[in-house]
Amino acid sequence: MKKILLAGLAFAAPLAALAQATPTPNRLDGSGIVPNASPLPRPGSYGETELDILGSYYQQNGDHSAVEGGIGSQHLTDVAPTILLNVPLDSTTRLAANVGIDYYASASSDKIDQVMSSPSSADVRYHADFGLAHVLADKLTTVGAGLGVSKEYDYLSFNLVGSWARTSRDGNRQLSVSGQAFIDKITLITPAELRVGGTKNKKYGSDNRQSFTLSVVYAQVLSKRLQASVSIEPVAQRGLLSTPFQRVYFFDSSPELGTPGALGTALAEVLPRLRYKYPASLRLTYYATDLVQLRGFYRFYNDNFGIRAHTLELEVPVKVSPFFTLYPFYRYHTQTSADYFAPYLAHSVTNEFYTSDYDLSAFSAHKAGLGLRYAPLYGLGRFKIPLGHGVTKFKSLDLRYGYYRQTTGLTANVVSFDLSFVMP
């Protein structure tokens, strides 16, 4: 059920960025890039405990379900509450924690069993990530380490991360390097008609996948108004990269398939067990005036599956008042098709690898929306927590809405929020 949530999590990523949260689920976005999932504390004051309560509601519709071989409903809803905690242990060390769940209901995964409202129609994913960051004696170098776990019905993932960052003495330049490893165990589940020993025998063992990411980011202040950063984030994956409950239908025939295109004559998706990804990006922030910023982002991506992608994004925060900011945003993404993709009834049984997952198809996508941030100088309110010490400040509120549309016909809406608190 991993790939069903791709678009939704791609939408959730900007919300995490709002809170400068670091841990995110081990998922891929629309271009096949593993998002930054480092569970390391974010930079900032080492004297305050920071708590963020995040949540999002995501809903999508389309008619190219990979579970049904490139046809059928892609309707999906996802609710994802998350708690982020950033705690100073002393003047140079911080602890970060990210704990949350994703609850989703999917029309396409319901078709694994070809029985409406089957157990596969909904699932819950639990995740937790923890990290430590420490500033060295030179006050310019920060090192960090972290670990995390994610669990759902057919999937168990562990991750480890380490990082190093050094800032120049004048504070105008920074080089950061981080590496992360994901160790995943996948329970193998096939469509009902492909199961050996009857339709109730949906599980037939397990397989493994390992993902290794390296992130190198160089950031520099170019002038009083302009800041820039460049990054490369190569990824290597090996193991099970296909999804065994996603069907593929063929235009020709074989003794195993019977009549071409007939219901129940599918095979499960098969993809290579090794994948390399090579994204590189540029980010610019320009302070046009004291009230208006321009934030631009460009990413180039390619991989050994044959996908080439370009992503452009622009966000324009406008300070309406000293405490209230609006930020309209727009994102454009375009990619070529993977070598192994073909739509319903377009594959041949002679193909070694095959998929009808439209996340690996050629498409362009547009995402547009509006966010708002309200952060009064003295916070939105103050209150005491039972059994706590001191006063907790409700620091800021962020709300964000986005609309997404692909040329494949997939559309989606997402509403997300971030409640930020400072604790004594």
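The values are calculated or read from the model by the stated rules, or taken from the named source; none is laboratory data. From a predicted model like this one, the values you see are computed outputs, not experimental measurements. Cβ: placed from backbone, ideal geometry, glycine included. Neighbour counts: every protein chain shown.
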- Note on the structure: The strands (runs of 3 or more DSSP E) lying entirely within the range 271-343 that contain at least 2 residues which are farther than 22 Å from Ser229 by Cβ and in contact with a Phe, Trp or Tyr (Cβ under 8 Å, 6 or more places away or on another chain) are 324-335
- Hey, could you check the range 139-173 for residues that are in contact (Cβ under 8 Å) with a residue 12 or more places away in the chain and basic (Lys, Arg) and say which is nearest to Pro191 (Cα to Cα)? Lys151
- Query: Does Ser106 count as at pLDDT below 95 and within 23 Å of Tyr155 (Cα to Cα)?
  - Reply: yes
- Message: Can you tell me which residue is modelled with the lowest pLDDT among those in the range 109-132 that are small (Gly, Ala, Ser) and surrounded by 19 or more Cβ atoms within 10 Å (Cβ to Cβ)?
- Response: Ser120
- Note on the structure: Note on Tyr330: of the conditions (1) buried (at least 20 other Cβ atoms within 10 Å of the Cβ); (2) at pLDDT 95 or above, unmet is (1)
- Would you mind stating whether Arg405 is under 20 Å from Gly70 (Cβ atoms), part of a strand (DSSP E or B) and among the charged types (D, E, K, R)? yes
- Message: If I filter the range 350-375 down to residues being modelled with pLDDT of 95 or more and more than 30 Å from Leu312 (Cα to Cα), which single residue comes out as surrounded by the fewest Cβ atoms within 10 Å (Cβ to Cβ)?
- Response: Glu352
- State which residue pairs qualify: first residue surrounded by fewer than 17 Cβ atoms within 10 Å (Cβ to Cβ) and inside the range 228-248, second residue assigned to a strand (DSSP E or B) and among the aromatic types (Phe, Trp, Tyr) in any location, beta carbons under 7 Å apart, and separation of 6 or more residues or different chains. Ser229/Tyr218; Val230/Tyr218; Ala236/Phe212; Ala236/Tyr276
- Query: So Leu345 fits all but one of (1) in contact with a Ser or Thr (Cβ under 8 Å, 6 or more places away or on another chain); (2) among the aliphatic types (A, V, I, L, M); (3) touching a residue at least 40 places away in the same chain (Cβ under 8 Å); what number is the exception?
  - Reply: (1)
- Message: Against the definition (at pLDDT 95 or above, loosely packed, with under 15 Cβ neighbours inside 10 Å and among the charged types (D, E, K, R)), how does Glu313 come out, yes or no?
- Response: no
- Item | Members of the range 382-424 found to be at pLDDT 90 or above, exposed (fewer than 15 other Cβ atoms within 10 Å of the Cβ) and of a type in the set (Gly, Ala, Ser), listed by number | Gly409
